[in-house]
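*Asks:* Here it is: the structure, laid out below.
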Amino acid sequence: MAAVSQKFTMKSSISLLLLLLLAAFTCGLARGEDSEAEELQVETLVKPETCSVLSTMGDTLRIHYTGKLMDGKVIDSSLSLDPLVVELGKRTVIAGLEQSLVGVCEGQKIKATIPSHFAYGKKGYPPTIPGDADLEFEVEVVSLTQQTSWQKVVNDVFPLVCLALVPTLLGLVGLYLYKKANAEKPSKKKAKDKKSKKK
């Protein structure tokens, strides 16, 4: 009887596992139909002949851009203004745009298709950008300034030093308070005995 129930349990477990996999696959297909772009897509429109320096996190870019909804409606543009200054890694622009600017060179033009979760998400940016809206940005890199070694130290090492200092300072404060709490306090009786001995 135990062997029969064990076989039944094994068959049930396999059936249940197959059912769960089928449900997950079906949900994945349905989810893929809801959104046009699940991943950030970057297409190079114009690349200069010489592209020796590529942008990395910490570099500063000056860009012209035009942002559109997927239906072609323009939501923002810098073409009539001065170029936008973007320091990569400082989150001055939406995440998808910042990621698309890593690995570009001066003079390059790109088109980035940014899924909503790398843009404004479920809430959007009313009234201009509806919730769950995928965006398309055409970007021209006007100039690229690489970070100096000093900026790299400040951006990479300084936060780690600060992170290490906080627990150290908290530990020192805790040690001071512990010693202060456990220090022998002169009692009133001992103080009176000392006064009487002096007399």
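*Asks:* Of 111/152; 47/73; 68/122; 47/152; 90/152, which sit over 21 Å apart, Cα to Cα? Provide the component values of the computation, followed by the final result.
*Replies:* Details: 111/152 29 Å; 47/73 26 Å; 68/122 17 Å; 47/152 27 Å; 90/152 13 Å.
Long pairs (Cα-Cα over 21 Å): 111/152; 47/73; 47/152.
*Asks:* Moving to a separate point now. Between residue 73 and residue 156, take the C-beta separation as r, use R0 = 25 Å, and let me know the FRET efficiency to the nearest 0.05. Could the numbers behind the result be given before it?
*Replies:* On the way: r = 40 Å, r/R0 = 1.60.
It comes out at approximately 0.05.
*Asks:* Around residue 88, with a cut-off of 10 angstrom between Cβ atoms, what is the net charge of the other residues, counting Lys and Arg +1 and Asp and Glu -1? Numbers along the way, then the final one.
*Replies:* On the way: positive: 90, 91; negative: 59, 87, 98.
With Lys, Arg at +1 and Asp, Glu at -1, the net is -1.
*Asks:* Provide the net charge surrounding residue 143, with neighbours chosen by a C-beta distance below 13 Å and charges set as Lys +1, Arg +1, Asp -1, Glu -1.
*Replies:* Details: positive: 62; negative: 59, 82, 87, 106, 140.
Net local charge, residue 143 excluded: -4.
*Asks:* At a 1.4 Å probe, what is the % contribution of carbon and sulfur to the accessible area of the stretch 48-199?
*Replies:* Numbers: 6290 of 10580 Å².
Ligands and nucleic acids excluded, carbon and sulfur give 59 percent.
*Asks:* Just to make sure I understand: if all protein chains stay in place, what is the order of 117, 64 by accessible area at 1.4 Å, largest first?
*Replies:* Values: 117 105, 64 35 Å².
From most exposed to least exposed: 117, 64.
*Asks:* Still on this structure, please answer the following. Determine, from the Cβ-Cβ distance of residue 81 and residue 46 and an R0 of 25 Å, the FRET efficiency 1/(1 + (r/R0)^6), rounded to the nearest 0.05. Could you put the intermediate results ahead of the total?
*Replies:* On the way: r = 21 Å, r/R0 = 0.84.
Plugging the Cβ-Cβ distance into 1/(1 + (r/R0)^6) gives 0.75.
*Asks:* Count charges around residue 44 for me, please; just the other residues with Cβ under 9 Å from its Cβ, Lys/Arg as +1, Asp/Glu as -1. Before the final figure, lay out each step's value.
*Replies:* On the way: positive: 47, 109, 111; negative: 43.
Within the 9 Å Cβ shell, the charges total +2.
*Asks:* Suppose R0 equals 22 Å; then what is the FRET efficiency for residue 39 and residue 123 from their Cβ-Cβ distance, rounded to the nearest 0.05?
*Replies:* On the way: r = 21 Å, r/R0 = 0.95.
It comes out at approximately 0.55.
The values are calculated or read from the model by the stated rules, or taken from the named source; none is laboratory data. Predicted model only: the values in this text are computed from it and were never measured. Because the Cβ atoms are built from the backbone with ideal geometry, glycine has one as well, and the counts that use them run over all protein chains shown. SASA here: full protein model, heavy atoms, side chains in, ligands and nucleic acids out. Shrake-Rupley method; radii C 1.70, N 1.55, O 1.52, S 1.80 Å.
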